[in-house]
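Take a look at the structure set out below.
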Amino acid sequence: MTGDPLAPTGTPRGYDLEVQHLKQRAARMGGFALQMVHDGWRAFDQGDRQLAQSVLDRNEMLDHLDDEMEHATIAFLVLRQPAAVDLRTAAALLKMTTHMDRVGRLGYDMCRISTSGKGPRESPQLRALLQRMDEVVESMVRQSLDGLEQGRIDLARDLFRQDDEVDRMHREAQRMVIAELGKNPAAAARLANIVLVSRHLERVADNACKIAEKTIYALTGQRRAEYLPRRPPRFLNEDPV
Amino acid sequence: MNTDAGSVKLAIDHLSAYYGTVRGVEDVSLRIPPQQVTAIIGPSGCGKSTLIRCLNRLHETLPGARVEGQVLLDGENLYDLDPTLVRRRVGMVFQKPNPFATMSIYGNVSAPLRFNSRMPREEMDRIVVQSLKRAALWDEVRDRTDAPATSLSGGQQQRLCIARSLAADPEVLLMDEPCSALDPIATAKIEELIAQLKKDYTVVIVTHNMQQAARVADSTAFMYLGKLVEFGPTEQLFERPRERLTEAYITGRFG
């Protein structure tokens, strides 16, 4: 054997194209799940039952995409018997798609709340906070999918900082709901829905971070505990020290 | 990569092996732990077979071949010992099964005993049966140990060769691509056997088949152009190699 074995050949191999194709398929599934969250929030915000129903109807398709990804990834594992970065990518994709499925399910769950017709519009400050939360959370999911597809660790790492911001907004929403509940106990059902949606958005952000963790693992082999200091668990209404 | 002296069976220390002026193995240092399977992988011509042939002093039997550095077996330099004694303590199984074609199954397994000592027949019988059992062949040949070795299938012949090596009561068993001439079923049997053998022996296996290394080995060494590139726990080497060269090889990007 002669020459530098690490020199790029200039021609992508079928194998590399297969890995890229799997990543693209996963990112498309993530995009589908993200749209369910986007529409789930809008349906809740606007009390749009028709939109809510359309999201509920998409759940079957989400399951189908999840199954398809699982089959395609297992076929890749069986037929290609990958090692190192390719093995890590396949293993990461299997986990990632579970998190994407959860993202879509959280959109679905927001729609189940919205069909009760108790939206946030009567509490403008809370609504503005949730609106902002939804924007950040959606951008996080999009960024996690870009990180996966483009193989960018920087995009993935940046999400952990944004997750702290979402956690902070969720705690703020809880505080505002408690304050409003004191003033207007009759609005309890509507306010409970707001807390639920806030919690669902916060969980979407967590799943975006999980997708990012798997991207970092696929690219570097590093697991979360190796690059992020472990934080003690705390109660949801507790501010970080 | 290193372990303490107590858990090292073979310590390869700055070993280089030459064919005339050509260096086939270049300054390799490696600690092989006892009662484990260590695999050596790498592309053709990387020096992996040459390296293991230095571990029982077979390399130096070739004209013009020589070795620099040392190999310590339980702390003793092999190159200070009698080569015949070394080859009894460090047995070897080759790529193609090589039973003595004119001998019976019994004759093959007892050959090392007959060459090396005047042993009572009962003792010889006991060792032959024990070796065939350890090589997972006894159940298939117990009724025909007088049959010619060549009447066995390829996979059985390879296990016969393993039994023959075990009869000499080695401490280390070297295997140079022991399954490359076998079908998947015979390969699976040998791999199962390797897992059993490591309870009593230290096994070093050279293989082209990375999946085989992943299946059988506790530790794996990757060699390239005569040099040791990386050595570590098999799981780590295949999931998260430290060296870019290892990564490129095991993901099929060269080699």
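A short reminder: the numbers here are calculations on the coordinates, not readings from a lab. It should be emphasised that the depicted structure is a prediction, and the values quoted were computed from it without experimental measurement. Cβ coordinates were reconstructed from backbone atoms using ideal geometry, including for glycine residues, and neighbour counts include every protein chain displayed.
May I ask you to derive the relative contact order of chain A, considering only C-alpha pairs under 8 Å and at least 6 residues apart, and to give it as an integer percent?
Here the relative contact order equals 26 percent.
At a 10 Å Cβ-Cβ cut-off, how would you order B:Glu26, B:Glu247, fewest neighbours first?
By the 10 Å Cβ count, ascending, the order reads B:Glu26, B:Glu247.
Rounded to two decimal places and with Rh computed the Kirkwood way over Cα pairs, what is Rg over Rh for the stretch B:29-116?
0.98
Assuming a viscosity of 1.306 mPa s and a temperature of 10 °C, what translational diffusion coefficient in µm² per second does Stokes-Einstein assign to the stretch B:134-255, Rh being the Kirkwood radius over Cα pairs?
Translational diffusion coefficient: 100 µm²/s.
Using the alpha carbon gyration tensor of chain A, what are the three equivalent-ellipsoid semi-axes (square root of 5 times each eigenvalue), largest first, in whole Å?
39, 21, 12
Report, as an integer, the average count of C-beta atoms from other chains found within 10 Å of each Cβ along A:209-221.
1
Give the relative contact order (percent, whole number) for the stretch A:57-110; include only Cα pairs under 8 Å separated by 6+ residues.
So the answer I get is 50 percent.
Cα centroid distance between the stretch A:68-138 and the stretch B:41-57, in Å?
50 Å
For the peptides B:153-166, B:58-71, B:224-237, what is the packing order when you average, over each peptide's residues, the other Cβ atoms within 10 Å and list the highest mean first?
B:153-166, B:224-237, B:58-71
Could you work out how far apart the two model spin labels at A:Ile178 and A:Leu94 are, taking each label as a point 7 Å from the Cα in the direction of the beta carbon, and quote it in nm?
Inter-label distance under the simple model: 4.3 nm.
May I have the convex hull volume per residue, in Å³, for the Cα set of the stretch A:139-210?
63 Å³
How high is the FRET efficiency between A:Gln222 and B:Asp125 when r is their beta carbon distance and R₀ equals 45 Å, given to the nearest 0.05?
0.20
Using only alpha carbon pairs under 8 Å that are at least six residues apart, calculate the relative contact order of the stretch A:117-182 and give it in whole percent.
Computed over the stretch A:117-182, the figure is 32 percent.
Let me confirm one metric for peptide A:83-90, namely the mean number of other chain beta-carbon atoms within 10 Å of its residues' beta-carbons.
Going residue by residue through A:83-90 and averaging, the value is 6.
Under a GNM of chain A (C-alpha, springs under 10 Å), which listed residue has the highest mean-square fluctuation: A:Asp163, A:Asp48, A:Asp16?
Between A:Asp163, A:Asp48, A:Asp16, it is A:Asp16 that shows the largest mean-square fluctuation.
Please report, in debye to the nearest 20, how large the charge dipole of chain B is about its Cα centre when each Lys and Arg carries +1 at its beta carbon and each Asp and Glu carries -1 there.
Value, rounded to 20: 400 debye.
Quote the charge dipole size of the protein assembly as shown about the Cα centre in Debye, to the nearest 20; the model charges only the Cβ of Lys and Arg (+1) and of Asp and Glu (-1).
280 debye
Stokes-Einstein diffusion coefficient for the protein assembly as shown at 25 °C in a medium of 0.890 mPa s, Rh from the Kirkwood formula over Cα pairs: what value in µm²/s?
Approximately 91 µm²/s, per Stokes-Einstein.
Take a quick pass over the protein assembly as shown and tell me how many lysine pairs come in under 25 angstrom between Cα atoms, counting only ones 8 or more apart or on separate chains.
For the protein assembly as shown, the number of qualifying lysine pairs is 25.
For the stretch A:16-33, in order, what is each residue's ³J(HN,Hα) by Karplus, 6.51 cos²θ - 1.76 cosθ + 1.60 with θ = phi - 60°, in whole Hz (x at glycine and Pro)?
Per-residue couplings from phi come out as 5, 5, 5, 4, 5, 5, 4, 4, 5, 5, 5, 5, 5, 4, x, x, 4, 5 Hz.
Using the crude model of +1 on Lys and Arg Cβ and -1 on Asp and Glu Cβ, and no other charge, please compute the dipole size for chain A relative to its Cα centre, in debye to 20.
Dipole size: approximately 540 debye.
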